[in-house]
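Here the structure is laid out as structure tokens; the discussion comes afterwards.
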């Protein structure tokens, strides 16, 4: 069993005071031979992980080569999206493959949602104390 890693909430809008803090997770994304260090917003209300178009381009993704189209909902419903699998490293944990909806939207943060980030990691939010803890899911022994 691994020990959880702790991360602080970061402020995205200082004018809002304590209400301006969000749970952003630093991570490394690798697609084929390109790798970037970035951070993503943990979004328990998002059904899927969302990769903004510029981040996909920075990773070397080619839109026309991603043939699995996805339909997004909510604010992103108007944008095209394609499925892309990206190797992801969080902290000192082993790499995991995350499936992202790579969207043509440019004004959206990198989002980590239910499919499949929250299926791969256990998260404990301590919002009142402005931190969260993360641990990879534990393998069930049969």
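The numbers here are math on the coordinates, done by the rules we state, and not lab data. Keep in mind it's a predicted model, so treat the numbers as computed, not measured. Every residue, glycine as well, gets a Cβ built from its backbone with ideal geometry; the counts of neighbours run over all protein chains shown.
Odds and ends about this structure:
- Counted as qualifying within the range 33-142 are the strands (runs of 3 or more DSSP E) with 3 or more residues that are closer than 29 Å to residue 18 by Cβ and touching a helix residue (DSSP H, G or I) at 6+ places or on another chain (Cβ under 9 Å), namely 34-42.
- Here residue 136 qualifies as touching a residue at least 24 places away in the same chain (Cβ under 8 Å) and either over 11 Å from the mean Cα position of the chain (by Cα) or more than 27 Å from residue 65 (Cα to Cα) (or both).
- Residue match in the range 9-20 (condition: outside any loop (DSSP other than H, G, I, E, B) and crowded, with 18+ Cβ neighbours inside 10 Å): no
- Any pair with Cβ under 7 angstrom, 6 or more apart, that starts in the range 100-114 at a residue that is at positive phi and ends at one that is assigned to a strand (DSSP E or B): none
- On the stretch given as the range 79-102, residues that are within 11 Å of the chain's Cα centre (by Cα) and within 24 Å of residue 63 (Cβ to Cβ) total 6.
- Inside the range 46-74, residues that are closer than 23 Å to residue 119 by Cβ, surrounded by fewer than 19 Cβ atoms within 10 Å (Cβ to Cβ) and touching a residue at least 24 places away in the same chain (Cβ under 8 Å) make up a count of 4.
- Any chance residue 73 is farther than 18 Å from residue 25 by Cα and out of contact with any strand residue (DSSP E or B) (no Cβ under 7 Å at 6 or more places or on another chain): yes
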